Amino acid sequence: MLRSLEISAVLSGVEQAHRERLFWERTIELSLDCFVCERVGRTTVLKWGAERAVCMSGRDGHHFTAAGIAAFDVTSQDDRLTLKSAVDFWWAPFQDAKRGGQATPLSSWVRLHYGCYCPHQETSSKGSIQTNVRRPSPVYCAECKTEIAVDVEAPSIRLLV
């Protein structure tokens, strides 16, 4: 059946010089239970506009799966950069083929990527935030090492349907 997740994240305290140059990348890494390989908690890579996602099914393996980014909305207000995204994916109940756990449509982990153009070094860099790190956590420009924002709260994941 078709299921949907809403993913939200905020970077706050965005530093003035980098404010107009900090942006969310349109790639999401999400822990999903994959009915194709019948494994729970698989890292699934989704890219905006892609017709399907990639399930990272093992050390060297991967396969396509039925998932995609349905919405990707970014707002910038004052010193906050906010992301709201919706992910649609096909899900069916199963038992994990290797460890025996039951599949669930709710994800517990997400990694969101951001990019930044450094006005001081005139180069670009990338970084990411994810649900399972200690907070608050400073976000630095990889080029000039300036603290450009703060990751105060974990990205939220909510099952919609």
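Here are the numbers for the structure shown:
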{"read-out": "Flag if GLY100 is at positive phi and modelled with pLDDT of 95 or more", "value": "no"}
{"read-out": "Complete set of residues in segment 74-93 that are aromatic (Phe, Trp, Tyr) and open to solvent by 20 Å² or more (accessible area, probe 1.4 Å)", "value": "TRP90, TRP91"}
{"read-out": "Segment 49-73, subset in contact with an Asp or Glu (Cβ under 9 Å, 6 or more places away or on another chain) and closer than 28 Å to ILE148 by Cα, residue surrounded by the most Cβ atoms within 10 Å (Cβ to Cβ)", "value": "ILE69"}
{"read-out": "Total residues in segment 120-145, condition open to solvent by less than 40 Å² (accessible area, probe 1.4 Å) and either on the phi > 0 side of the Ramachandran plot or not hydrophobic (A, V, I, L, M, F, W, C) (or both)", "value": "5"}
{"read-out": "Residue check for ALA97: touching a residue at least 24 places away in the same chain (Cβ under 8 Å), in a loop (DSSP other than H, G, I, E, B), over 30 Å from ARG52 (Cα atoms) and of a type in the set (Gly, Ala, Ser)", "value": "no"}
{"read-out": "Any pair with Cβ under 6 angstrom, 6 or more apart, that starts in segment 106-133 at a residue that is under 22 Å from ILE69 (Cα atoms) and part of a strand (DSSP E or B) and ends at one that is among the β-branched types (Val, Ile, Thr) and open to solvent by less than 90 Å² (accessible area, probe 1.4 Å)", "value": "VAL110/ILE7; VAL110/THR131; VAL110/ILE157; LEU112/ILE129; HIS113/THR27"}
{"read-out": "Options VAL10, VAL40, VAL36; residue that is surrounded by fewer than 18 Cβ atoms within 10 Å (Cβ to Cβ) and either touching a Ser or Thr at 6+ places or on another chain (Cβ under 8 Å) or among the small types (Gly, Ala, Ser) (or both)", "value": "VAL36"}
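The values are calculated or read from the model by the stated rules, or taken from the named source; none is laboratory data. Please read these numbers as outputs of a predicted model, since none were measured by experiment. All Cβ positions, even for glycine, are placed from backbone atoms using ideal geometry, and neighbour counts span all protein chains on display. The protein model used for the area step is the full one, side chains on, heavy atoms only, and it has no ligands, DNA or RNA in it. Shrake-Rupley method; radii C 1.70, N 1.55, O 1.52, S 1.80 Å.
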